[in-house]
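Novice: The structure under discussion is supplied below as structure tokens; questions concerning it will follow.
Here, each number is a calculation from the coordinates, and none is a lab measurement. Predicted model only: the values in this text are computed from it and were never measured. Note that we place each Cβ from the backbone using ideal geometry, even for glycine, and neighbour counts take in every protein chain shown.
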Amino acid sequence: MAKKQAVQINSADGAVRELSKLFTSFHRHGTYQVFTDFLTLAACSISNAMDKRFYDEREKQYMDTIKRYSKEEADKFPLMLALLVQTFEPVPGVVVYRDALGELFMELELGSQWSGQYFTPYPVALMKAHMVLGDADSLRDDIQKRGFVRAMEPCVGGGALVIATADAFQQLGINYQQHLHFSCIDVDIKAVHMAYIQLSLLHIPAVIVHGNALSMEEWSRWFTPSHLLGMWDTKLRRDYDEGETIVQEIVDAVRPEPVETVSGIEEELDTLGQLTLF
């Protein structure tokens with residue numbers, strides 16, 4: 001039996017299929033609730049293993065969530081996280097770049113229960129990332145100036161565009177773990193958790209803000225392990241104006257200029273893209 005299971009999950013797609021089966025195996029809880037609770041449990045677990053600043057708050061959140069489940073049900077959550085890891089690394093040393101949670105979300109048909117949200121297909125996200133990054137020589141010139149580039153995502157969702165950008169860096173022969181940092185925001189805590197989990201597992205340096213880029217509100221911050229281990233707080237400090245917040249920075253980065261003539265429309269549309277690299 002164990003051998004059969006190993007064969008079933010010895011691929012990224014196989015792990016996604018096994019995940020889908022587990023999410024629908026909770027008879028006392030709806031799939032949407034299980035998916036949401038899994039995000040909370042996984043995000044809090046990763047954060048509390050690395051970032052003690054928020055430990056008490058997130059440990060309470062974890063315990064308040066897991067107590068709704070029996071021991072048999074609760075034991076499924078670590079297995080689901082292990083399977084999620086395998087969607088990104090089905091074979092040791094081989095990384096598969098994908099929006100696994102977004103794929104799973106769509107496969108489980110949860111869009112109608114989650115504010116009508118639907119996630120961008122990964123190939124589209126990868127195409128957009130290559131378009132924004134441009135040629136490798138220009139990117140390397142920018143990196144040469146200060147050692148890294150920063151990117152913004154004002155509506156991060158599950159993190160597909162961030163993952164695709166890291167993927168594009170790798171395809172260009174540039175180590176994103178050393179030379180790329182993302183600041184992200186989303187108004188939906190479930191999306192924040194999705195992005196945080198996936199960017200953490202792919203070791204992408206990032207801070208994901210639960211906040212509203214329109215109202216300038218901010219409720220929590222989630223720092224990926226790569227951000228913490230890479231000491232990105234120190235690296236980034238010189239790039240922030242005094243008193244500037246991540247939310248303000250993201251808003252400034254994507255705020256379009258007023259359009260005065262028809263000829264200016266194309267330039268304005270360029271500023272409205274979700275990904276801003278500078």
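Novice: Would you please give the residues with an amide H less than 5 Å from that of VAL156, counting only those at least 5 places away or on a separate chain, with H modeled from the backbone geometry?
Specialist: Here the answer is ILE185, ASP186, since their amide H atoms fall under 5 Å of that of VAL156.
Novice: Still on this structure, I have one more. In whole angstrom, and with the biggest value first, how far do the Cα coordinates of region 21-96 range along each principal axis?
Specialist: Ordered largest first, region 21-96 gives principal extents of 36, 36, 19 Å.
Novice: Another question, if that's okay. Taking θ as phi - 60°, what are the ³J(HN,Hα) couplings along region 124-141 by the Karplus curve (6.51, -1.76, 1.60), each to the nearest whole Hz, with x for Gly and Pro?
Specialist: 3J(HN,Hα) across region 124-141, in whole Hz: 5, 4, 5, 4, 4, 4, 5, 5, 6, 5, x, 7, 5, 5, 5, 5, 5, 4.
Novice: Whole-Hz ³J(HN,Hα) for each residue in region 90-100, computed from phi via Karplus 6.51 cos²θ - 1.76 cosθ + 1.60 with θ = phi - 60°, x for glycine and proline: what do you get?
Specialist: With the stated coefficients, region 90-100 comes to x, 10, x, x, 10, 9, 10, 8, 6, 9, 4 Hz.
Novice: In whole Hz and in residue order, list the ³J(HN,Hα) couplings for region 198-206 that follow from phi through the Karplus curve 6.51 cos²θ - 1.76 cosθ + 1.60, θ = phi - 60°; x for Gly and Pro.
Specialist: Calculated HN-Hα couplings, in order: 5, 5, 5, 5, 8, 6, 9, x, 6 Hz.
Novice: Just want to confirm a number: the relative contact order over region 11-104, from Cα pairs under 8 angstrom separated by 6+ residues, in percent. Don't skip to the end; give the middle numbers.
Specialist: Working: 72 pairs, mean separation 39.6, N = 94.
Here the relative contact order equals 42 percent.
Novice: Exceeding 30 Å between C-alpha atoms, which entries from my cross-link table qualify? They are LYS76/LYS235; LYS21/LYS52; LYS21/LYS60.
Specialist: LYS76/LYS235; LYS21/LYS52
Novice: Also: Positive end of the dipole of region 52-110, charges at C-beta (+1 Lys, Arg; -1 Asp, Glu), about the Cα centre: which of PHE54, LEU110, VAL85 has its Cα farthest in that direction?
Specialist: About the Cα centre, the residue reaching furthest to the positive side is PHE54.
Novice: State the dimensionless ratio Rg/Rh of region 130-210 (Rg: radius of gyration of Cα atoms; Rh: Kirkwood radius). Each step should come with its number before you reach the end.
Specialist: Details: Rg = 12.5 Å, Rh = 12.7 Å.
When Rh is taken as the Kirkwood radius, the ratio is 0.98.
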